[in-house]
1. On a C-alpha basis, how far is the centre of segment 166-206 from the centre of segment 1-59 in Å? Whole number, if you could?
2. Which of the lysines could a cross-linker bridge to Lys248, judged by Cα under 16 Å and excluding same-chain residues fewer than eight apart?
3. When the chain is modelled as a GNM with alpha-carbon springs shorter than 10 Å, which of Tyr183, Tyr25, Tyr37 fluctuates the most?
4. Helix 240-252 versus the longest principal axis of the chain: what angle, 0 to 90°, nearest 10, using Cα atoms?
5. Compute the helix-to-body angle for 208-218: its Cα long axis versus the longest principal axis of the chain, expressed 0 to 90° and rounded to tens.
6. Using amide H atoms built 1.01 Å from N in the peptide plane, name the residues 5+ places from Val182, or on other chains, whose amide H lies under 5 Å from its own.
7. Could you give me the ³J(HN,Hα) list for segment 222-229, computed from phi with Karplus coefficients 6.51, -1.76, 1.60 and θ = phi - 60°, whole Hz, x at Gly and Pro?
8. Hey, can you rank 197-208, 216-227, 152-163 by average C-beta count inside 10 Å, highest first?
Amino acid sequence: MQNYVDAKMRILQNQTNDDSFIYWYDDPIIQKELKKYDIKSVQLPFSELKKNGVIGYIEQGQYKIEVPTPFNMEQEELSLTGRHNIYNSLAAGIASDVAGIKKEVIRKSLSDFPGVEHRLEKVTMVAGVQYINDSKATNVDACWYALESMRTPVILIIGGTDKGNDYNSIKDLVKEKCVGLVYLGADNTKLHNFFDGMGIPVRDTHSMKDCVEACYDMAKPGDTVLLSPCCASFDLFKNMEDRGDQFKELVRNL
């Protein structure tokens with residue numbers, strides 16, 4: 001790990017007073033490493049929330065950059081959702097600001113950047129319900145980030161080829177965020193054993209067609225249907241792209 005950190009910190013090696021060093025203020029490893037270096041560049045740290053020493057943050061629903069040119073926009077306008085993407089958006093915005101990109105260009109880029117296909121990809125709205133394709137979430141950690149980013153009641157699609165998953169890490173988020181669970185897999189026994197006792201309505205499906213129909217039946221206006229399976233796709237699909245593509249096509253045909 002230290003070799004990896006040392007390699008990453010070489011970003012400082014050739015920086016001068018004319019350069020900028022943009023970093024995540026809350027990372028404990030970075031904070032420890034900074035003490036080892038005679039940093040000549042301008043330090044531009046960012047954090048999720050405003051605190052002493054940071055120049056980029058979220059405050060009262062506003063995305064803000066203080067220097068070199070003050071910039072702000074509504075957090076809700078950011079195209080990428082989730083805490084991890086707040087950090088990505090802050091780093092990108094600060095770098096653009098330093099490079100002299102015009103404010104209107106930064107604002108447009110942060111609000112319409114499409115992101116990666118199959119990763120928290122907004123598909124469409126149907127009858128007041130937002131459908132999101134997160135088929136790339138083939139492990140529990142990825143699903144955790146997806147659920148953590150949700151701000152509306154969730155119908156969660158979960159299941160596939162289980163890789164020895166421990167679902168305890170998303171248990172609290174499922175209880176907090178989900179108003180329905182749709183299992184999608186050749187064998188959903190493990191999901192039934194873990195999630196069925198939570199008092200959340202459950203549907204058992206074995207094809208994407210049945211899955212999307214179940215979601216359509218369960219969801220109410222204002223809900224989000226989230227395909228974030230936690231599992232590999234090879235029980236019912238060619239790969240995770242095939243799973244996501246089938247989801248998107250069926251949703252758009254509702």
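The values are calculated or read from the model by the stated rules, or taken from the named source; none is laboratory data. Predicted model, so just to flag it, every value in this text is computed and none were measured. We place every Cβ from the backbone using ideal geometry, glycine too, and count neighbours over all the protein chains shown. With ligands, DNA and RNA removed, areas are computed over all heavy atoms of the protein, side chains included. Shrake-Rupley method; radii C 1.70, N 1.55, O 1.52, S 1.80 Å.
1. Here the two parts' Cα centres lie 40 Å apart.
2. Lys248 reaches Lys122, Lys136, Lys209, Lys238.
3. Highest fluctuation among the options: Tyr37.
4. 70
5. It is inclined by approximately 90 degrees.
6. Close amide H contacts, sequence-distant or interchain: Leu156, Ile157, Ile158, Arg203.
7. With the stated coefficients, segment 222-229 comes to x, 7, 10, 9, 10, 8, 9, x Hz.
8. Details: 197-208: 15.1, 216-227: 19.0, 152-163: 22.0.
Highest mean packing first, the order is 152-163, 216-227, 197-208.
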